[in-house]
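I have placed the structure first, in the form of structure tokens, so that the comments after it can refer back to it.
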Amino acid sequence: MAAFNRTLSSIDGKDVAVGMLTSGGLAPCLSASIAQLAKYWIQAKREGKISGLTLRMYIDGYAGLLTGNSFVIPEDQWDSLDELNYVGGSPIGNSRVKLTNIEDCKKRGFIKEGEQPLEVASQQLMKDGINVIHTIGGDDTNTQAAVLSKFLLDEHNGSVIVIGMPKTIDNDVVPIAQTFGADTAARQGALYFKNIVSESTANPRMLILHEVMGRDCGYLTAKTAYYYREELAKQKFASPLFPSNKESRDVHAIWIPEIKFDMAAEGARLKKLMDKYGCVNVFFGEGTGVAEIVKDMEANGEEVPRDAFGHVSLNKINPGTYFSKHLAQVIEAEKTIVQKSGYFSRSAAANEFDRDLIGRCAEVGVASAIEGVSGCMGEDEEKPGKPIRPIEFERIKGGKAFDITQDWFVKMMEEIGQQIA
């Protein structure tokens with residue numbers, strides 16, 4: 001995207017109207033982000049860094065901004081916002097809206113015929129007197145915020161400071177080292193599978209496919225497997241005579257987009273494990289093999305379902321069904337189940353790790369906003385020491401690949417007997 005004018009006039013000592021919205025898919029950080037941002041704005045007001053404060057919440061993300069659906073938190077309720085640290089989901093609701101996709105906004109009733117989404121949103125921000133807008137979402141959410149603010153500045157000589165908060169359980173935003181909610185989601189996915197793995201005892205030659213969210217990045221799948229194996233290592237088992245044991249309940253394969261997928265080779269390897277343990281447990285990222293599936297669909301003249309941003313709708317093309325059909329036959333599985341941990345994981349409340357990360361980013365984010373500096377908050381891994389800073393919006397983009405050379409991942413793959421190359 002074009003360079004974004006990120007430095008505006010300082011709002012130090014002024015009355016400040018702060019807007020917040022959450023957008024995109026859920027993640028275990030949305031509620032906590034609102035809580036932490038509110039905490040540091042309230043602190044700034046009480047310490048005299050700003051003279052007045054209004055906290056406005058837009059309902060259902062950009063949909064609420066376009067339709068003027070919002071509310072203001074009364075000052076006597078400010079202290080209660082801390083409770084949001086321990087709540088999952090978003091207390092104000094999400095939506096997937098692209099402000100430059102006029103037809104989609106019109107179709108969904110967010111704008112009228114002849115209106116421009118960016119103009120409608122800009123008019124609403126000016127009507128509400130917003131000085132700072134916090135966009136809590138992934139790369140799409142924050143790049144949309146930058147486009148909106150630039151439009152407001154160019155077309156209306158207005159100025160809105162934009163402080164983004166990087167939400168995504170995929171952990172795939174460049175150049176942010178760790179996005180909010182990803183660690184919590186991985187631990188929740190491990191908890192989910194800790195129960196589901198017992199299904200391996202429900203039938204002889206059982207194949208369990210654990211589908212983990214992550215469009216193009218294997219981080220969440222890999223980290224979920226890692227945390228699950230940590231928990232498995234703590235589990236005590238009875239006599240070795242029992243066929244259900246630590247080995248049968250282990251992760252037997254990890255399939256992610258960053259590793260070249262060879263069904264024939266993996267099938268042969270997993271067939272041996274099936275013969276040995278009577279079950280096979282596969283963790284796979286929802287984006288694994290999508291290119292191959294889309295290619296098959298297009299070759300057959302089928303329409304590939306996509307969302308407002310042009311992303312393939314993974315829940316509609318069903319990679320799990322594709323894998324279960326092919327792998328089950330190769331390893332001679334008697335029964336196959338596909339279990340998706342995504343909704344369970346992403347709807348959890350933020351854990352201590354994520355609350356700490358969110359808090360540190362919110363503190364710096366509020367200070368940056370007061371100074372008039374916009375950006376997406378996060379640990380900038382392209383700067384020495386990975387400092388938390390308002391990262392330039394033009395540098396924010398999705399699709400960051402998971403680094404498969406990390407020691408913990410290499411070691412885990414060696415332990416389960418799967419080649420990375």
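The values are calculated or read from the model by the stated rules, or taken from the named source; none is laboratory data. Quick caveat: nothing in here was measured; it's all calculated off a predicted structure. Note that we place each Cβ from the backbone using ideal geometry, even for glycine, and neighbour counts take in every protein chain shown. What goes into the accessible areas is simple: the full protein's heavy atoms, side chains included, and nothing from ligands, DNA or RNA. Shrake-Rupley method; radii C 1.70, N 1.55, O 1.52, S 1.80 Å.
List pairs: first residue in segment 398-421 and within 15 Å of LYS260 (Cα to Cα) and in contact (Cβ under 8 Å) with a residue 60 or more places away in the chain, second residue small (Gly, Ala, Ser) and exposed (fewer than 12 other Cβ atoms within 10 Å of the Cβ) anywhere in the structure, Cβ distance under 9 angstrom, at least six positions apart or on different chains.
none
For residues that are of a type in the set (D, E, K, R) and within 27 Å of GLY181 (Cβ to Cβ), tally how many sit in segment 28-68.
3
Restricting to segment 160-218, and then to whatever is of a type in the set (S, T, N, Q), surrounded by 24 or more Cβ atoms within 10 Å (Cβ to Cβ) and part of a loop (DSSP other than H, G, I, E, B), can you tell me which residue is modelled with the lowest pLDDT?
The extreme case among them is THR168.
Considering every residue within segment 250-268, establish whether at least one is touching a residue at least 40 places away in the same chain (Cβ under 8 Å), among the β-branched types (Val, Ile, Thr) and farther than 17 Å from SER341 by Cα.
Taking every residue of segment 250-268 in turn, at least one turns out to be touching a residue at least 40 places away in the same chain (Cβ under 8 Å), among the β-branched types (Val, Ile, Thr) and farther than 17 Å from SER341 by Cα.
For (1) part of a helix (DSSP H, G or I); (2) open to solvent by 10 Å² or more (accessible area, probe 1.4 Å); (3) free of Cβ contacts under 8 Å to residues at least 60 places away in the same chain; (4) of a type in the set (Phe, Trp, Tyr), each residue gets a yes or a no:
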| residue | (1), (2), (3), (4) |
| --- | --- |
| HIS326 | yes, yes, no, no |
| VAL330 | yes, yes, no, no |
| ALA348 | no, yes, no, no |
| ARG360 | yes, yes, yes, no |
| GLU363 | yes, yes, no, no |
| CYS376 | no, no, no, no |
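Could you go through segment 124-143 and let me know if any residue there is touching a Phe, Trp or Tyr at 6+ places or on another chain (Cβ under 7 Å) and aliphatic (A, V, I, L, M).
Taking every residue of segment 124-143 in turn, none turns out to be touching a Phe, Trp or Tyr at 6+ places or on another chain (Cβ under 7 Å) and aliphatic (A, V, I, L, M).
Restricting to segment 142-159, name every residue that is within 20 Å of the chain's Cα centre (by Cα) and at pLDDT below 85.
Passing the criteria: ASN142, THR143, ALA145, ALA146.
Please indicate, with yes or no, whether at least one residue in segment 232-242 is under 26 Å from PHE353 (Cα atoms), under 17 Å from the mean Cα position of the chain (by Cα) and not in a helix (DSSP H, G or I).
Looking through segment 232-242, none of the residues is under 26 Å from PHE353 (Cα atoms), under 17 Å from the mean Cα position of the chain (by Cα) and not in a helix (DSSP H, G or I).
If you go through segment 374-407, how many residues are over 22 Å from the mean Cα position of the chain (by Cα) and within 22 Å of ALA233 (Cβ to Cβ)?
1
Residues that are in contact (Cβ under 8 Å) with a residue 12 or more places away in the chain, in contact with an Asp or Glu (Cβ under 9 Å, 6 or more places away or on another chain) and crowded, with 19+ Cβ neighbours inside 10 Å: does segment 292-308 have at least one?
Looking for residues that are in contact (Cβ under 8 Å) with a residue 12 or more places away in the chain, in contact with an Asp or Glu (Cβ under 9 Å, 6 or more places away or on another chain) and crowded, with 19+ Cβ neighbours inside 10 Å, one finds none in segment 292-308, hence no.
Go through segment 26-54 and count every residue that is closer than 20 Å to GLY138 by Cα, of a type in the set (S, T, N, Q) and open to solvent by 10 Å² or more (accessible area, probe 1.4 Å).
So the answer is 1.
Test of understanding: among ASP60, ASP82, ASP12, ASP76, which residue is within 18 Å of the chain's Cα centre (by Cα) and open to solvent by 50 Å² or more (accessible area, probe 1.4 Å)?
ASP60
With in contact (Cβ under 8 Å) with a residue 24 or more places away in the chain, closer than 26 Å to ILE391 by Cα, of a type in the set (A, V, I, L, M, F, W, C) and out of contact with any His (no Cβ under 7 Å at 6 or more places or on another chain) as the only criterion, which of LEU8, LEU81, LEU37 stands out?
LEU8
Considering ARG355, ARG389, which residue is in contact with a helix residue (DSSP H, G or I) (Cβ under 9 Å, 6 or more places away or on another chain), basic (Lys, Arg) and in a strand (DSSP E or B)?
ARG389
Of all residues being outside any loop (DSSP other than H, G, I, E, B) and either under 22 Å from the mean Cα position of the chain (by Cα) or without any contact (Cβ under 8 Å) to a residue 40 or more places away in the chain (or both) in segment 111-124, which is nearest to GLY310 (Cα to Cα)? Just the residue, please.
Only one residue tops the list, namely LEU118.
Of all residues in segment 254-265, count the ones that are surrounded by fewer than 22 Cβ atoms within 10 Å (Cβ to Cβ) and closer than 19 Å to THR224 by Cβ.
The qualifying residues number 3.
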